[in-house]
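Nothing in this text is a laboratory measurement; each read-out follows from the coordinates by a stated rule. The structure displayed is predicted, hence computed values, not measured ones. FYI the Cβ positions are ideal-geometry reconstructions off the backbone, even for glycines, and counts take in every protein chain you see.
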Amino acid sequence: MTTLKYILRDTWRLLFHHWVLGLLTMITAGVMLWILGITTLLSINIENILSQLESELVVQAYLVKDNTLDVEAIARKIQGLPQVYSMKVFSPSDSLAKLQTRMGSQSRALEMIGDNPIPWNFEIHVHSARDVEPLVESLKTMPEVEDVVYAGLVVRRISALSRISSRVALIMFILSVVITALVVYNTIHISLYSRREEIGIMYLVGATRSYIATPFVLQGTLLALFGAAAATAGIIAAYFPGIGLLQENMPLLHSSLITDQTTILRFCGLLAGFGATLGWVCSYLVVVRFINSITKPE
Amino acid sequence: MNINFSGVSKIFEPDIAALIDINLNIEQGEFVYVIGQTGSGKSTLLRLITRELLPSRGVVAVGDFDLRRMRKVDIPYYRRDVGLVAQDFKLIPTLTVYENIAFVMEAMSVPKRIVADRTKDVINQVGLWRRRGMRPAQLSGGEQQRVAIARALANSPSLFIADEPTGNLDFRTATEVMKILLAINAAGVTVVMSTHNQAIVNSSRQRVVELENGRLVRDERGGSYSR
């Protein structure tokens, strides 16, 4: 308990020793973590929207008109393809009834065609938009399949958007982590360097390495934590008005967006924890390295 | 705490021999002057005892510790039993006299009340209580040296290492510092002190160890500065 009191006192002193540098570190960490948080939320929302669109994506496969076809075997074969999430089988009569229902009052036009022209067909749902193209390729190689109908352009755009969104999120994550880590690392290094003589003396008169190191590690952790706290406040301040604006202008997206306050607060808690952990790891690494170098006997 | 040097050499890179084949035994409670010209190896010998340096060859043993084989975690505990006074004082410039002394005990997790009592004791012992709130830069060389002595005394060490503690002081102040060191020794603490000061060595007639170009050339009990 006594040691903890001394360590906390020294941490407090360190925070104010280079207060301008500390403030700059907090601001940089805060801005980078805010960007990280907003990008992540944006990416999650985009993924949600894309998932909603993907769940509505259907590939329709029509078989050749041949009464000798073993439809059950073909269905099993298609069901076995890795891209298939679920599948419905429609007989020619089911398909015609469905079409008649859809056409409503104009369904009498179908009677003029004579025999039912619709073959056996499958309505296939995929796992993700990226699965559509490979699935279509596989279906087209099957001799029993006469035609495949799908929204090709939509699929390509959704896939591209999904890829871009994931990549942007990943790049922002790496950038934020690297920049925050470097800033915390440098601040603690400067703090250590400016007190190198003091550290050497402390070690020489019997202070343990952990006693010397802990205030510096806590300094880095707290700076990153304060930055993360500011970032979460900024996220809360920016996210809800932004989402409100989006809902007003694009009501169709309503169900895909994260609007639950508890979820956002949990996310902010995670972000603050992540910031503090990042600060702890960086300061621990620099402190251990520095203290090792100056306490090593010649 | 007794000290034993057995065949100790210290060679600095690239090939500078600071100490060559030193064999020396210092018993608990002795007062030893280490003398010799500048560059003779006095400071190297003392820094081997504080484990700021490791020997290139041979064994330095202090108490139960073989300093080369000592584990990293044991070093601070060993140093708490070694009071160190350096020529350049090694005081922390941002701390006051009081804080410079107190932090040695704080590092050992000594409760605040005991730290306060003990700090007051040792500051009084070196006669600086009225200067307790000042920073090292506001003190004279002699006062800074007395603060360094007070700090070294704070943990009641059983070994006291003083590297030219009177080197920067006038004769009167140096004599005051010596009185303190002799009083510490009288309390049973082993004192090893390097010095150039002939008058001081000759005035108290203790054991004298003389180094010349890194070699031990004289080890005389009750000796004087000159051979």
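Odds and ends about this structure:
- Residue of A:128, A:93, A:165 that the Gaussian network model of chain A assigns the largest fluctuation, springs spanning Cα pairs under 10 Å: A:93
- Simple rule: put +1 on each Lys or Arg Cβ and -1 on each Asp or Glu Cβ in the range A:58-150, find the dipole, and look at A:99, A:117, A:79; the Cα lying farthest toward the positive end is A:99.
- Kyte-Doolittle mean at least 0.5 and Cα axial length at least 15 Å: DSSP H helices in chain A: A:19-55, A:152-194, A:209-249, A:261-295
- Euclidean distance between Cα centres, the range B:138-162 to the range A:1-46, Å: 39 Å
- Cβ-based exposure ranking for A:9, B:130, in which fewest neighbours within 10 Å come first: B:130, A:9
- Choice from A:97, A:213, A:233 with maximal GNM fluctuation in chain A (Cα, 10 Å cutoff): A:97
- Sorted by Cβ density within 10 Å, fewest first, the residues A:19, A:120, A:12: A:19, A:12, A:120
- The relative contact order of the range B:40-114 comes to 15 percent, based on Cα pairs under 8 Å that sit 6 or more residues apart.
- Across the range B:73-85, computed HN-Hα scalar couplings (Karplus, 6.51 cos²θ - 1.76 cosθ + 1.60, θ = phi - 60°) run 5, 7, 4, x, 5, 5, 5, 5, 9, 10, x, 10, 10 Hz from first to last residue, x flagging Gly and Pro.
- 222 nm mean residue ellipticity, helices alone, for the protein assembly as shown (DSSP H n ≥ 4; -39,500 (n - 2.57); rounded to 500): -18500 deg cm²/dmol
- Mean separation of Cα contacts under 8 Å, 6 or more apart, over the residue count of chain B: relative contact order %: 28 percent
- Charge dipole (Cα centre; +1 on Lys/Arg Cβ, -1 on Asp/Glu Cβ; no other charges) of the range A:58-150 amounts to roughly 280 debye.
- Per-residue extension of 0.36 nm, minus the Cα-Cα distance of residue A:210 and residue A:147, leaves a gain of 15.5 nm for this segment.
- Close amide H pairs (under 5 Å, H built 1.01 Å from N) link residue A:58 with A:151, residues at least 5 positions away or on another chain.
- Distance between the C-alpha centres of the range A:93-170 and the range B:62-128: 81 Å, rounded to the whole angstrom.
- Beta bridge orientation in chain B: antiparallel %, DSSP, nearest 5: 55 percent
- Relative contact order computed over the range A:58-150 (Cα-Cα under 8 Å; 6+ residues apart), in percent: 53 percent
- Residue-span extension gain [residue B:140 to residue B:113] - 0.36 nm each, minus C-alpha spacing: 6.8 nm
- Scanning residues 5 or more positions from residue A:85 or on other chains, those with amide H under 5 Å from its amide H are A:125, A:126, A:127, with H placed 1.01 Å from N in the peptide plane.
- Across peptide B:40-53, the average count of Cβ atoms from other chains found within 10 Å of a residue's Cβ is 1.
- This ranking places B:84, A:23 by how few other beta-carbon atoms lie within 10 Å of each, fewest first, which gives A:23, B:84.
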